Amino acid sequence: MRRIQNLHLLGLVICLAALAFGYFYLERTLGLEPCPLCILDRIIFIALAGIFALAYFQRPKAGERIGYDVGTLVISLGGVGIAARHVYLQNRPADALGDCGAGFWHLLDQVGLEGAVASALQGGGDCGSIQWTFLGLSIPTLTLGLFAVLFLLSLTDMIDAIRNRHKEF
(Lines give C-alpha, C1' and ligand atoms only; values in the text may rest on other atoms or scores of the structure.)
Protein backbone atom coordinates (compact mmCIF):
# COMPACT_ATOMS: atom_id res chain seq x y z
CA MET A 1 0.00 0.00 0.00
CA ARG A 2 2.87 2.39 0.77
CA ARG A 3 4.25 2.15 -2.76
CA ILE A 4 0.90 3.12 -4.26
CA GLN A 5 0.53 6.13 -1.97
CA ASN A 6 3.92 7.21 -3.26
CA LEU A 7 2.58 6.97 -6.83
CA HIS A 8 -0.21 9.37 -5.90
CA LEU A 9 2.33 11.69 -4.31
CA LEU A 10 4.56 11.43 -7.37
CA GLY A 11 1.63 12.32 -9.63
CA LEU A 12 0.78 15.30 -7.43
CA VAL A 13 4.40 16.50 -7.42
CA ILE A 14 4.65 16.18 -11.22
CA CYS A 15 1.48 18.24 -11.69
CA LEU A 16 2.52 20.94 -9.23
CA ALA A 17 6.04 21.11 -10.68
CA ALA A 18 4.66 21.49 -14.22
CA LEU A 19 2.30 24.25 -13.09
CA ALA A 20 5.02 26.07 -11.14
CA PHE A 21 7.50 25.77 -14.01
CA GLY A 22 4.98 27.09 -16.52
CA TYR A 23 3.88 30.00 -14.40
CA PHE A 24 6.99 31.09 -12.53
CA TYR A 25 9.68 30.34 -15.11
CA LEU A 26 8.12 30.38 -18.55
CA GLU A 27 5.53 33.09 -17.94
CA ARG A 28 6.99 35.27 -15.17
CA THR A 29 10.74 34.93 -15.78
CA LEU A 30 10.91 34.53 -19.56
CA GLY A 31 7.79 36.58 -20.26
CA LEU A 32 6.16 33.97 -22.52
CA GLU A 33 2.39 34.29 -22.85
CA PRO A 34 0.55 30.95 -22.74
CA CYS A 35 -1.48 30.18 -25.84
CA PRO A 36 -5.05 28.83 -25.51
CA LEU A 37 -3.86 25.21 -25.71
CA CYS A 38 -1.26 25.87 -22.99
CA ILE A 39 -4.03 27.23 -20.77
CA LEU A 40 -6.06 24.06 -21.37
CA ASP A 41 -2.99 22.02 -20.41
CA ARG A 42 -2.73 23.99 -17.17
CA ILE A 43 -6.39 23.37 -16.37
CA ILE A 44 -5.83 19.65 -16.90
CA PHE A 45 -2.76 19.69 -14.63
CA ILE A 46 -4.85 21.42 -11.93
CA ALA A 47 -7.61 18.80 -12.23
CA LEU A 48 -5.09 15.95 -12.06
CA ALA A 49 -3.32 17.54 -9.08
CA GLY A 50 -6.65 17.71 -7.24
CA ILE A 51 -7.43 14.05 -7.83
CA PHE A 52 -3.90 12.90 -6.96
CA ALA A 53 -4.01 15.00 -3.77
CA LEU A 54 -7.36 13.49 -2.74
CA ALA A 55 -6.11 9.98 -3.46
CA TYR A 56 -2.91 10.57 -1.49
CA PHE A 57 -4.40 12.23 1.57
CA GLN A 58 -7.55 10.10 1.78
CA ARG A 59 -5.60 6.84 1.48
CA PRO A 60 -8.51 4.97 -0.13
CA LYS A 61 -8.88 1.21 -0.18
CA ALA A 62 -8.30 -0.64 -3.43
CA GLY A 63 -11.93 -0.50 -4.54
CA GLU A 64 -12.09 3.28 -4.05
CA ARG A 65 -8.71 3.78 -5.72
CA ILE A 66 -10.19 2.43 -8.95
CA GLY A 67 -12.58 5.39 -9.06
CA TYR A 68 -9.71 7.85 -8.64
CA ASP A 69 -7.72 5.97 -11.26
CA VAL A 70 -10.53 6.09 -13.80
CA GLY A 71 -10.71 9.86 -13.28
CA THR A 72 -6.97 10.40 -13.68
CA LEU A 73 -6.81 8.04 -16.66
CA VAL A 74 -9.56 9.91 -18.51
CA ILE A 75 -8.23 13.36 -17.66
CA SER A 76 -4.61 12.50 -18.47
CA LEU A 77 -5.77 10.97 -21.75
CA GLY A 78 -7.51 14.27 -22.52
CA GLY A 79 -4.21 16.00 -21.74
CA VAL A 80 -2.40 13.66 -24.11
CA GLY A 81 -4.91 14.54 -26.83
CA ILE A 82 -4.61 18.29 -26.34
CA ALA A 83 -0.81 18.18 -26.15
CA ALA A 84 -0.66 15.95 -29.25
CA ARG A 85 -2.87 18.44 -31.10
CA HIS A 86 -0.50 21.21 -30.03
CA VAL A 87 2.56 19.27 -31.26
CA TYR A 88 0.74 18.65 -34.55
CA LEU A 89 0.04 22.37 -34.96
CA GLN A 90 3.67 23.21 -34.27
CA ASN A 91 4.78 20.86 -37.01
CA ARG A 92 2.50 22.37 -39.67
CA PRO A 93 3.76 25.09 -41.98
CA ALA A 94 3.27 28.57 -40.53
CA ASP A 95 1.12 29.67 -43.48
CA ALA A 96 -1.30 26.76 -42.82
CA LEU A 97 -2.27 28.25 -39.45
CA GLY A 98 -4.76 31.04 -39.03
CA ASP A 99 -4.15 34.27 -37.20
CA CYS A 100 -3.64 34.34 -33.46
CA GLY A 101 -7.17 35.49 -32.71
CA ALA A 102 -8.45 36.34 -29.27
CA GLY A 103 -6.95 34.97 -26.08
CA PHE A 104 -8.53 32.07 -24.21
CA TRP A 105 -9.91 34.16 -21.34
CA HIS A 106 -11.49 36.66 -23.76
CA LEU A 107 -13.08 33.79 -25.69
CA LEU A 108 -14.34 32.31 -22.44
CA ASP A 109 -16.12 35.59 -21.65
CA GLN A 110 -17.53 35.94 -25.16
CA VAL A 111 -18.56 32.43 -26.22
CA GLY A 112 -18.42 30.34 -23.04
CA LEU A 113 -16.37 27.31 -22.16
CA GLU A 114 -17.44 25.09 -25.05
CA GLY A 115 -16.73 27.78 -27.65
CA ALA A 116 -13.39 28.72 -26.07
CA VAL A 117 -12.23 25.09 -25.99
CA ALA A 118 -13.37 24.50 -29.58
CA SER A 119 -11.57 27.62 -30.74
CA ALA A 120 -8.41 26.65 -28.84
CA LEU A 121 -8.41 23.17 -30.39
CA GLN A 122 -8.62 24.68 -33.87
CA GLY A 123 -5.35 26.43 -33.11
CA GLY A 124 -4.04 29.71 -34.30
CA GLY A 125 -0.70 31.22 -35.14
CA ASP A 126 0.26 31.55 -31.49
CA CYS A 127 -0.27 27.81 -30.90
CA GLY A 128 1.96 26.90 -33.84
CA SER A 129 5.01 28.88 -32.80
CA ILE A 130 7.83 27.33 -30.79
CA GLN A 131 8.91 29.85 -28.18
CA TRP A 132 11.17 27.73 -25.97
CA THR A 133 12.86 24.33 -26.12
CA PHE A 134 14.67 22.01 -23.75
CA LEU A 135 16.93 19.34 -25.28
CA GLY A 136 15.34 20.18 -28.64
CA LEU A 137 11.81 19.46 -27.36
CA SER A 138 9.13 22.15 -27.40
CA ILE A 139 6.87 22.92 -24.44
CA PRO A 140 3.92 20.92 -25.90
CA THR A 141 6.20 17.93 -26.56
CA LEU A 142 7.43 17.98 -22.97
CA THR A 143 3.84 18.39 -21.76
CA LEU A 144 2.78 15.41 -23.87
CA GLY A 145 5.48 13.35 -22.16
CA LEU A 146 4.29 14.42 -18.70
CA PHE A 147 0.69 13.52 -19.48
CA ALA A 148 1.86 10.11 -20.75
CA VAL A 149 3.79 9.56 -17.49
CA LEU A 150 0.73 10.54 -15.44
CA PHE A 151 -1.40 8.16 -17.50
CA LEU A 152 1.06 5.33 -16.81
CA LEU A 153 1.13 6.13 -13.08
CA SER A 154 -2.66 5.92 -12.98
CA LEU A 155 -2.70 2.71 -15.00
CA THR A 156 -0.12 1.15 -12.68
CA ASP A 157 -2.20 2.08 -9.65
CA MET A 158 -5.38 0.75 -11.25
CA ILE A 159 -3.76 -2.59 -12.02
CA ASP A 160 -2.51 -2.83 -8.43
CA ALA A 161 -5.94 -1.88 -7.06
CA ILE A 162 -7.67 -4.52 -9.19
CA ARG A 163 -5.17 -7.18 -8.04
CA ASN A 164 -5.56 -6.25 -4.37
CA ARG A 165 -9.33 -5.73 -4.25
CA HIS A 166 -9.99 -9.15 -2.80
CA LYS A 167 -7.49 -8.65 0.07
CA GLU A 168 -9.66 -5.93 1.67
CA PHE A 169 -12.46 -8.25 2.74
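Return the only residue of Val111, Val117, Val149 being at pLDDT 95 or above, assigned to a helix (DSSP H, G or I) and surrounded by fewer than 21 Cβ atoms within 10 Å (Cβ to Cβ). None of the others qualify; the one that does is Val149. Residues in the stretch 69-81 that are without any contact (Cβ under 8 Å) to a residue 60 or more places away in the chain and crowded, with 19+ Cβ neighbours inside 10 Å: Ile75 only. Residue check: Pro36 meets all listed conditions (1) out of contact with any Leu (no Cβ under 9 Å at 6 or more places or on another chain); (2) buried (at least 16 other Cβ atoms within 10 Å of the Cβ) but one, namely (1). Among the residues of the stretch 125-133, some residue qualifies, meaning at least one is modelled with pLDDT under 70 and either of a type in the set (Lys, Arg) or buried (at least 18 other Cβ atoms within 10 Å of the Cβ) (or both). Of all the listed residues (Thr141, Thr156), the sole one being modelled with pLDDT of 90 or more, β-branched (Val, Ile, Thr), under 21 Å from Phe45 (Cα atoms) and more than 17 Å from the chain's Cα centre (by Cα) is Thr156.
The values are calculated or read from the model by the stated rules, or taken from the named source; none is laboratory data. Computed from a predicted structure; not experimentally measured. Glycine gets a Cβ as well: all are built from the backbone with ideal geometry, and neighbour counts include every protein chain shown.
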